[in-house]
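Below: the structure, in structure tokens.
The values are calculated or read from the model by the stated rules, or taken from the named source; none is laboratory data. Given the structure is predicted, the values throughout are model-derived calculations rather than measurements. For neighbour counting, all protein chains shown are included, and Cβ atoms are generated from backbone atoms with ideal geometry for every residue, glycine included.
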Amino acid sequence: MGGVTEAGVMENAEVKSEELFRVAVIGSGNWGSVAAKLIASNTVKQSMFHDEVRMWVFEETLPNGRKLSETINQENENVKYLPGIKLGSNVVADPDLLNSVKEANMLVFVTPHQFVEGICKRLVGNIRPDAEAISLIKGMEVKTEGPCMISKLISEMLSVNCCVLMGANIANEIAVEKFSEATIGYRQDKEAAQRWARLFSTPYFLVSAVPDVEGVELCGTLKNVVAIAAGLVDGLDMGNNTKAAIMRIGLREMKAFSKLLFSSVKDSTFFESCGVADLITTCRM
Ligand SMILES: NC(=O)c1ccc[n+]([C@@H]2O[C@H](COP(=O)([O-])OP(=O)(O)OC[C@H]3O[C@@H](n4cnc5c(N)ncnc54)[C@H](O)[C@@H]3O)[C@@H](O)[C@H]2O)c1
């Protein structure tokens, strides 16, 4: 039996295996492992997705001499970056980057930002032609010709549509299923954004989508600058009122700076989880 869901996507229990969306998570640190757990809990439940979630692991040898990827597959747990949390038996850790993406048409980028360009260079010509991407990476590349958003880097190097997901998302809290919200930023393809929302949403992880990739991504980057100022206020014991002032003025400056870089950035984005909520959570840490 098939039907159209709220998100407007066909649900069909008889969809052929090769027509299912297949997910690869590129990165397996703290947030990458939690993202894989969230995704894996949905791919087993939703018939549009293939159950298996491939997670590319930057291979490391643990102090006990075992390989990190082997340990993840044996214990279903990332003992180094997310100890004590089971990822879901459908998460497969794979130290081979090209093998991890070869069947996937939904690529989730979640490494520290400085590794993305090198990873994309290796992926050129080695991903499915129908692949689309989402970046959970905070930060930007600053090149001689100016700042370059990570989603732009991914989408230009790989010729793929690239959304972003940002928000007040401390990975360790989501890992133990404490409630969080997140914001997806998309450009034109609303259907793709809804698909990403379905892949990530759980009762404890509420995802909404806004048509403002740059606004969402800049929020995730610039809030860290404001958080440094908030940390200085804490360190100097200047008090809560001063910290609140730093956060309010900081949010206003994030908005002004973002609009200076991209005139398309929307005011309303700063009131989503990626904006004010992420700023609050980061300044409180
Ligand atoms: N941790 C969080 O709570 C959180 C929340 C939201 C967003 N983020 C963002 O997610 C991204 C990933 O952060 P994280 O916390 O998962 O990372 P992390 O700091 O936990 O882990 C670092 C990862 O980088 C890998 N690595 C090391 N050297 C590498 C190399 N040369 N090439 C490729 N990978 C290499 C490590 O194996 C590890 O998987 C960052 O942009 C971060 O800002 C993190």
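Quick rundown of the values:
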{"item": "Test: residue in segment 230-237 that is surrounded by 15 or more Cβ atoms within 10 Å (Cβ to Cβ) and hydrophobic (A, V, I, L, M, F, W, C)", "result": "yes"}
{"item": "Some residue of segment 51-64 being in contact with a Phe, Trp or Tyr (Cβ under 6 Å, 6 or more places away or on another chain), under 16 Å from L136 (Cα atoms), within 16 Å of the ligand (Cβ to nearest atom) and at pLDDT 95 or above", "result": "no"}
{"item": "Filter pass, L158 being away from the ligand (no atom under 12 Å from the Cβ) and touching a helix residue (DSSP H, G or I) at 6+ places or on another chain (Cβ under 8 Å)", "result": "yes"}
{"item": "Residue within segment 217-224 that is surrounded by fewer than 18 Cβ atoms within 10 Å (Cβ to Cβ) and not acidic (D, E) present", "result": "yes"}
{"item": "Among (1) near the ligand (Cβ under 10 Å from one of its atoms); (2) in contact (Cβ under 8 Å) with a residue 40 or more places away in the chain - the single one K37 does not satisfy", "result": "(1)"}
{"item": "Pair list, Cβ < 6 Å and 6+ apart or interchain, from segment 165-191 residues that are in contact (Cβ under 8 Å) with a residue 24 or more places away in the chain and closer than 20 Å to F109 by Cβ to residues that are charged (D, E, K, R) and part of a loop (DSSP other than H, G, I, E, B)", "result": "T183/E272; G185/D212"}
{"item": "Residues of segment 117-142 that turn out to be touching a helix residue (DSSP H, G or I) at 6+ places or on another chain (Cβ under 8 Å), within 9 Å of the ligand (Cβ to nearest atom) and in a helix (DSSP H, G or I), as a count", "result": "1"}
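For (1) crowded, with 18+ Cβ neighbours inside 10 Å; (2) within 18 Å of E18 (Cα to Cα); (3) charged (D, E, K, R), each residue gets a yes or a no:
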residue: V91; (1), (2), (3): yes, no, no
residue: V101; (1), (2), (3): yes, yes, no
residue: F109; (1), (2), (3): yes, no, no
residue: F115; (1), (2), (3): no, no, no
residue: L123; (1), (2), (3): yes, no, no
residue: E132; (1), (2), (3): yes, yes, yes
residue: S135; (1), (2), (3): yes, no, no
residue: K138; (1), (2), (3): yes, no, yes
